[in-house]
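The values are calculated or read from the model by the stated rules, or taken from the named source; none is laboratory data. Computed from a predicted structure; not experimentally measured. Quick reminder, even Gly has a Cβ in these numbers, built from the backbone with ideal geometry, and neighbours come from all protein chains shown.
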Amino acid sequence: MICEGNLDPTNCRELSVVLPALKVSFDWMYANRDLWYPSPPSRDRARKFNIWDSLAKMCDWLCDDRLQFPINILSSDHPTSCEVTLPEDEELSGFRPLYHSENDTKFVSSFDLSSESLKERTHHCIRFIFIREFLGYLCGMEEPLLAFKNGSYVVVLQQNPGRSKPLDFSIEDVSELVDEEYQCETLEHESFNKEGNKDISDLQLMHISLKQEKHYQDKRKHQIQASLSAEDHGLNVEVRPNYLIPDTNCFVDHLNLVQALLDSNRFVVCIPLVVVAELEGLAFESKGMDQYSMGLHKSANTALTYLKQQFQSNQASKLQALTNQGSPLDTISFVHQDNVSAKGSNDDLILNCCTKFDDRQKKSSNGLKTVVLLSDDRNLRVKAMIKKMPTKSVVNFCKLAKIS
C-alpha cells in the first residue's frame, strides 16, 4: 500500500493493520539475512511486479519529511521516560526465527502512554521509527539494495549482475544436469512432430519444463536447509562478558549505566581512544545553540569530566583505554596521537579496535568470547555481528546483567 505524503500516519485504520505486520516482516529480514541477501533470481519472467521497486516507493513515503510524528524519544534516565513495548514484540517474544532481531529499546514521555488512544498513536510512531531504521540498514549494507538518488530511493540491486547468483548453481547448471534427459525427450518430440501430433509435443515440452523447475526448487530447498543448519551451529558460541567496550552514544545517552557497570566491579570497561576524541569534539564544538545541541554539548562535557576523574583515581584495574590497534592503556592522554594516522569512519575504527582487542584476549580465554561491544547504533551492531563480535545495546546488556 503506497499512501500520499499528506496522510496522518497516526490516524489511519489501514495502517493499524499493516504496520505491525510490516514491522515484524522487517524484523524477520534483519534476523535472517542469509535467506534473502543476495536476492534470489526471479523464476517468473512474465511477472511485472518487482518487490524491491515497491519497497523503494514505500521507502520514499516512509522517509518523507512531511510525515511528522507527535512524540519525542527520550533517554532511559529522563525523569518522565517510560519504556515502550509493542504488542507484536511481546506476542512473539522467544520466537526462534526472530532470535537475532535486535530492536533498540525506546523510551517516551509517560504522557504519551497515559490513555489507550495516546498509547496506540505512540505504538504507530515507534513502528515507523523501527521501519525507517531498517530501510536505512538496507541502504547502508556492504553492497546496498537501495540508494537515495535525485530526491528519491532507487533499487541498486539490478545494477550489479554479480549479485544475482544467490545459490551455488545457476539456471545453466540445471540445464546441464538434465541435458541427457532433454536430448531423449527432444528425439521423441521430433518423432511426434513427424507424425503431426502437435498436442503431445507441447505436453512433452511442458513436462521437460516442469522437471527443470522441480529440480531448481529441490536445489534451492537444500541450500536453505544447509543455511539454517549452519546458523544453528553458529549459535553455540559461548560468551562470558569480562571486557565491555562502549561507543560514544553510551557515554552521551546512558552515562549512568556506564557508571553502574564500572561500579559493579564485575567487568573491565575499555574505552577506545577514538570515543574519547569524539567526546572531546562534542564537548568543545560551538556550532548550534538549539536545545538539542546544548544538551549534547552538556552530556559530552559531563562524560569527559567523569572519565578524566576515573583515570586519575585508582580505577585502573577496572577502566582501560584502547588504541586503534587494541592495545590497552591506563591513560587517555595519547588520544590525539593515536588518531593522527587513523583512516576510516569512527564506527570502523571502534570495530577494528574491538576485534584487535578480542584477538588478544582469545589467547588466554580458551576460545571463549569475553569481549562485548556496547552500542545503540544498529548499523554498528550489524557490522559487529558480521565479524562475529558479541554486541548489545547498553540498556539490554544491563537488563541481562541485572544492573540498574
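One residue alone among Glu231, Glu180, Glu172 is modelled with pLDDT under 80, farther than 30 Å from Met29 by Cα, of a type in the set (D, E, K, R) and assigned to a helix (DSSP H, G or I), and that residue is Glu180.
With respect to (1) in contact (Cβ under 8 Å) with a residue 24 or more places away in the chain; (2) surrounded by fewer than 19 Cβ atoms within 10 Å (Cβ to Cβ); (3) under 22 Å from Ala56 (Cβ atoms), the lone exception for Asp104 is condition (3). In the set (1) assigned to a loop (DSSP other than H, G, I, E, B); (2) in contact (Cβ under 8 Å) with a residue 40 or more places away in the chain, the condition left unmet by Ile129 is number (1). Pairing each residue of the range 382-404 that is part of a helix (DSSP H, G or I) with any residue that is at pLDDT below 90 and aromatic (Phe, Trp, Tyr), provided the two are 6+ apart or on different chains, yields C-beta distances under 9 Å for Val382/Tyr30; Val382/Tyr137; Val395/Phe107.
Each row is one residue, and each column tells you yes or no for (1) in a helix (DSSP H, G or I); (2) of a type in the set (Ser, Thr, Tyr); (3) at pLDDT 80 or above.
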residue	(1), (2), (3)
His100	no, no, no
Asn103	no, no, no
Leu118	yes, no, yes
Gln158	yes, no, no
Leu187	yes, no, no
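Scanning the range 355-380 for residues that are under 17 Å from Cys270 (Cβ atoms) and assigned to a helix (DSSP H, G or I) returns Thr355, Lys356, Phe357, Asp358, Asp359, Arg360, Gln361, Lys362, Leu380.
Condition check ((1) in contact (Cβ under 8 Å) with a residue 24 or more places away in the chain; (2) of a type outside the set (D, E, K, R)) across all residues:
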residue: Ile71; (1), (2): yes, yes
residue: Leu74; (1), (2): yes, yes
residue: Glu83; (1), (2): yes, no
residue: Glu88; (1), (2): yes, no
residue: Ser109; (1), (2): yes, yes
residue: Glu116; (1), (2): no, no
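Would you call Phe192 outside any loop (DSSP other than H, G, I, E, B), closer than 30 Å to Cys250 by Cα and either modelled with pLDDT of 50 or more or out of contact with any Pro (no Cβ under 8 Å at 6 or more places or on another chain) (or both)? The answer is no for Phe192.
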